[in-house]
Amino acid sequence: MTGPKIIFFILATAIVVFSILSIFSRRILRAAIYLLFVLVALAGLYYMMNFQFLAAVQLMLYAGGIVVLIIFSILLTSQIDSKLEAPKGSHILSGAITAMAGIGLAVTTLLNFKFNTSPEAAIGTDMRTIGRQLMDTGAHGYALPFEVISILLLAALVGSIYIARKSRT
Amino acid sequence: MNLQAEIPLDYMIVLGTIVFFVGLMGVLIRRNLITMLMGIELMLNAVNINFVAFNHYLFPNRLEGHFFALIVMAIAAAEAAIAIALIINIYRQFNTVSVDDVDELKY
């Protein structure tokens, strides 16, 4: 066992265990905190794969934004010490069968596929390259998706304010 | 750091698959809108693992998976904002966030 392998197995175990805890926890606030642990461990995984910018975005956007938003909505809609009703046995059974069948199918299919690594030389994943490509309009440029996403975010924010406001009538 | 020699791509794929189906199971077995939303977030993150792993292992000469993951994150943020606005509105109308009790289209 080498260093990266040990770190990967720690992160992977944390991700799997906390995601399972997050969907089975009967206290909804704890479920949100388990989700936070999953997201932080995922940021560690991105960092291992040398995507530092993505890891930082994951931490800021998910851990700092979405989980806080989820906790706000939990506190607005339920009592802090109330327990969720336990899911029905039949629901758990059908959900588990679906998940197991899906995992088996997807894993066998994917592991039998022969992936080919691109022979070309790797490019860096530093901020300079990422920023250049994000603003580039030529080949391997992502200026158009970037602008579309900015419009989508603006529309989503305006829409959510409109939906969530109190009606005056 | 030469990650390819240490950790095969298969590990990442299996991890992503497990997280995806755990999220799907969360959506299926839970009856609370907020926990269902959390299941959807888990599924989106599982997809991101795959994008980033394929980018890192198979196409290190480009950053396509990286940008795809970034865009998925932005969509997830927009989706969470809209979903939580809807959930708060539903709570105001029905006084509950359980999907079994929210069964009227016209209020």
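Could you tell me the distance between the Cα centroids of region B:81-105 and region B:40-78, to the nearest Å?
When both Cα centres are located, 30 Å separates them.
Kindly provide the helix-only [θ] at 222 nm of chain A, computed as the sum of -39,500 (n - 2.57) over DSSP H runs of four or more divided by all residues, to the nearest 500 deg cm²/dmol?
That calculation yields -22500 deg cm²/dmol at 222 nm.
Take the alpha carbon gyration tensor of the protein assembly as shown, find the square roots of its eigenvalues, order them as a ≥ b ≥ c, and report rounded if a/c is under 1.5; if not, report prolate when a/b exceeds b/c, else oblate.
oblate
Which of the DSSP-defined H helices in chain A satisfy a minimum axial length of 27 Å, computed from C-alpha atoms, and a minimum mean Kyte-Doolittle hydropathy of 1.0? Numbers along the way, then the final one.
Details: long enough: A:3-24 (32 Å, 2.25); A:28-48 (30 Å, 2.06); A:89-112 (34 Å, 1.25); A:143-164 (32 Å, 2.14).
Length and hydropathy pass: A:3-24, A:28-48, A:89-112, A:143-164.
Per-residue Cβ counts within 10 Å, from other chains only, averaged over A:48-55: what number is that?
Mean partner-chain Cβ count within 10 Å for A:48-55: 6.
Report, in deg cm²/dmol and to the nearest 500, the calculated mean residue ellipticity at 222 nm for chain B, where each DSSP H run with n ≥ 4 adds -39500 (n - 2.57) and the sum is divided by the residue count.
Numbers: 4 runs with 81 residues, N = 107.
My calculation for chain B gives -26000 deg cm²/dmol from helical runs alone.
Can you work out ³J(HN,Hα) from phi for every residue in region B:55-71, in order, using Karplus 6.51 cos²θ - 1.76 cosθ + 1.60 and θ = phi - 60°, giving whole Hz and x for Gly and Pro?
4, 6, 8, 9, 10, x, 7, 10, 10, 5, x, 4, 6, 4, 5, 4, 5
I need the shape label for chain B. Rule: rounded when a/c is under 1.5, else prolate if a/b > b/c, else oblate, with a, b, c from the alpha carbon gyration tensor.
Because a/c hits 1.5 or more and a/b exceeds b/c, chain B counts as prolate.
Using a ≥ b ≥ c from the Cα gyration tensor of region A:1-80 (square roots of the eigenvalues), is it rounded, prolate or oblate, where a/c under 1.5 gives rounded and otherwise the larger of a/b and b/c decides, a/b for prolate?
oblate
What average number of partner chain Cβ atoms lie no more than 10 Å from the Cβ of the residues making up A:31-40?
3
For region A:41-58 and region A:128-151, write down the distance between their C-alpha centroids in whole Å.
Result: 20 Å between the Cα centres.
Pairs of Cα atoms under 8 Å, at least six residues apart: use those to get the relative contact order of region A:15-71, whole percent.
Computed over region A:15-71, the figure is 32 percent.
Over region A:1-140, what is the mean sequence separation of C-alpha contacts under 8 Å (at least six apart), divided by residue count, expressed as relative contact order in percent?
21 percent.
Only the coordinates and a few stated rules stand behind these numbers; no lab work does. Not measured: the values here are computed from a predicted model. Don't worry about glycine lacking a Cβ; one is built from the backbone with ideal geometry, like all the others, and counts go over all protein chains shown.
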